[in-house]
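The values are calculated or read from the model by the stated rules, or taken from the named source; none is laboratory data. What you see is a predicted model, and the numbers here were worked out from it, not measured in a lab. For neighbour counting, all protein chains shown are included, and Cβ atoms are generated from backbone atoms with ideal geometry for every residue, glycine included.
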Amino acid sequence: MVLRDIGGGKQILLAGQKSGILWGLDPDHKGKIVWQNKLGAGSALGGIEWGHAADRENAYVAISDRIVREGAHPGISAVNLSTGKTVWSTPAPTVTCAVPSGCIPGQAAAVSVIPGAVFSGALNGHFRAYATADGKILWDFDTATSFDTVNKVTAKGGSVDASGPTIANGMVLTNSGYGQFGGKAGNVLLAFSVDGN
């Protein structure tokens, strides 16, 4: 859940469900529903799985829709905090994989936001930055590969799932490798910076 001020002395409590619905609730009126927005088809491994993020204007919500048979909408969306209306929605890009089971485009992991960019990982191993203004993909990195590590331990990436990225001191850190529920196992922690150092 995320709690945000929306002006006029009011707050909104954001709650996401595997049903694909993001709820806007009034914390001052016993959780009264202010709005709801169905962003994904939803299922046991679909919809909103691990968490969303918010800045002062929008909530940013990743959709998995991993095992949905019809109407799947994997990707990420921005939702206005006050109105609950979708500001933009960016579908998960289609990627080519050596193993078809590794191509699941769902974005199940929690997301993180900084001014101007929201970060979201995908089950196919892609880790992306999206523009908060319009959802344009700013950067895309395929983590589902082998890496030379600083501690010289053999490492490979896989599905980006569960916990979201950590952002601190000009660095973005994410894990890669989640072997549950058909995901691609791995064992790497990746650190990214603007200048690549």
Subset of the range 161-174 (residues that are surrounded by 15 or more Cβ atoms within 10 Å (Cβ to Cβ), out of contact with any Pro (no Cβ under 6 Å at 6 or more places or on another chain) and modelled with pLDDT of 95 or more): P165, I167
Residue pairs meeting the criteria (Cβ under 7 Å; at least 6 apart or on separate chains; first at positive phi, in the range 104-126; second surrounded by 23 or more Cβ atoms within 10 Å (Cβ to Cβ)): G125/T143; G125/A144; G125/G157; G125/G158; G125/S159; G125/V160; G125/S176; G125/K184
Residue tally, condition of a type in the set (D, E) and surrounded by fewer than 12 Cβ atoms within 10 Å (Cβ to Cβ), over the range 139-155: 1
Boolean, A54 is under 13 Å from the mean Cα position of the chain (by Cα) and either among the hydroxyl-bearing types (S, T, Y) or within 22 Å of V160 (Cβ to Cβ) (or both): yes
Restricting the range 52-78 to residues that are of a type outside the set (S, T, Y), assigned to a loop (DSSP other than H, G, I, E, B) and surrounded by 16 or more Cβ atoms within 10 Å (Cβ to Cβ), the residue that is modelled with the lowest pLDDT: V68
Residue within the range 79-86 that is under 26 Å from G24 (Cα atoms), touching a residue at least 40 places away in the same chain (Cβ under 8 Å) and under 13 Å from the mean Cα position of the chain (by Cα) present: no
Only one of L39, L45, L81, L3 that is at negative phi, of a type in the set (A, V, I, L, M) and exposed (fewer than 14 other Cβ atoms within 10 Å of the Cβ): L3
Subset tally (residues that are surrounded by 15 or more Cβ atoms within 10 Å (Cβ to Cβ), of a type outside the set (G, A, S) and touching a strand residue (DSSP E or B) at 6+ places or on another chain (Cβ under 7 Å)) for the range 124-138: 5
Residue that is touching a strand residue (DSSP E or B) at 6+ places or on another chain (Cβ under 7 Å), of a type outside the set (F, W, Y), modelled with pLDDT of 95 or more and within 18 Å of S176 (Cα to Cα), where the choices are V111, V95: V111
